[in-house]
Amino acid sequence: MSVVLGIDGGGTNTRAEIVSDGKVLASGHSGSIKRLRVGAEAAEANLRALLKDVFAQAGVKGVQAASCGVASASMPGITEWITAVFNDFGVEKSEVVGDEVIALDAAFHGGPGILQIAGTGSNTIGRAPDGTRESAGGWSSRLGDEGSGYWIGVHAIRRALHAYDREEPTQVLKKVGEIWGTPKMDDFINLGDSTPGPDFAALAPAIDELAEAGDPVAVSVLHDAAADLVKFILLVRSKLRRKHSLTVEVPLAWTGSVIEKMRIVREDLFAGLHAAAPEMPVGQKAVVSLDGAVWRAQRMASTSK
């Protein structure tokens, strides 16, 4: 009987499951384990607390295999410290991969397809039948991540400031000022321009609420976020067709709160893809990335027997 561990280390939260022969023995969540977001000390504390929780729930002292997907997997030292923590918890075999890898495998179990991630950050990844990957976007919050929660927060403020200069109506600055506790414009700008800066991605739900209420700045930002996601998906589709001689459509899967929870973005995304690639199969529900981590851990456990 194989007991395995899957971890999805998102930009905001981390989730884990311990599974044995298809049965979930334990599940839990904690804060982010992304060092760039919370710092090395907090990241390790969050990971250890999560593992302590799920191991206690499952009543186990170790697992045969563990797969951890985290956005910063390629950064120096990330694999080493997560592996060291795993060793302390009796993990026999483990891997640390990008969050896009576990999301791809949650959707396609090693097969071809395109995945759009749009949560705190964004990324578009396609996988050809031979396993080769093509991508677009995902160049970090400051340099890219168009269509992400971070992008929505930053661009809503920028456009709202432009609207303020032109004396055009918007509630974005008022709402963000309430969230930040900065009723005066000088305080607002100082906080927004500080280093380290505020959590712009955390503003996305409020921008979505304003858009649903008809705020013109918020609406324009969400429309443009969806348009950027459509462009990236079509670019990856084009790369797969051009570089890998694909003539059939590969399916699209997606994950992340921007698409899942923001109606305007989701409807624009589906409509844009249908107009440009009407034969492309598009998933109607969000992929659960954690399922991909569990699947990969199960595969590791089975090959090590």
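Couple of notes before you dig in:
- Hz values of 3J(HN,Hα) by residue in the range 131-142 - Karplus curve (6.51, -1.76, 1.60), Gly and Pro given as x: x, 5, 10, 10, 9, 8, x, x, 8, 5, 5, 7
- About its Cα centre, the chain has a charge dipole of approximately 820 debye under the convention of +1 per Lys or Arg Cβ and -1 per Asp or Glu Cβ, with nothing else charged.
- Residues with amide H under 5 Å from that of LEU25, placed H, sequence gap 5 or more: ILE18, VAL19, SER20
- Charge dipole (debye, nearest 20) of the range 136-199; +1 at Cβ of Lys and Arg, -1 at Cβ of Asp and Glu: 80
- In terms of packing, defined here as the mean over residues of other Cβ atoms within 10 angstrom, the peptides 240-253, 144-157 line up highest first as 144-157, 240-253.
- Per residue, the convex hull spanned by the Cα atoms of the range 111-286 measures out at 114 cubic angstrom.
- Candidate cross-link partners of LYS243 among the lysines, defined by an alpha-carbon separation under 24 Å and a same-chain spacing of 8 or more, comprise LYS231.
- When the charge dipole of the chain is built from unit charges on Cβ atoms (+1 for Lys and Arg, -1 for Asp and Glu) and taken about the Cα centre, the candidate among GLY131, VAL217, THR170 whose Cα reaches farthest toward its positive end is GLY131.
- Span from the the range 48-72 Cα centroid across to the the range 130-201 one, whole angstrom: 34
- Expected-Rg normalisation [2.2 N^0.38 Å, Cα atoms] applied to the chain: 1.06
- The range 58-194: proportion of alpha-carbon pairs further apart than 19 angstrom, %: 66
- Screening the chain for whole DSSP H helices of 18 Å or more along their axis (Cα) with average Kyte-Doolittle hydropathy at least 0.0 returns 40-58, 216-244, 263-276.
- The range 227-272-the range 77-105 distance, computed between alpha-carbon centres (Å): 28
- With 10 Å bins beginning at zero, the pair-distance distribution over Cα atoms of the range 3-97 amounts to 18, 57, 23, 2 %.
- The antiparallel fraction among DSSP beta bridges confined to the chain stands at about 60%.
Values quoted throughout were computed directly from the atomic coordinates according to the rules given, and no laboratory measurement underlies them. Small disclaimer: the values here were computed from a predicted structure and weren't measured. Using ideal geometry, Cβ is built from the backbone for each residue, glycine included, and neighbour counts are taken over all protein chains shown.
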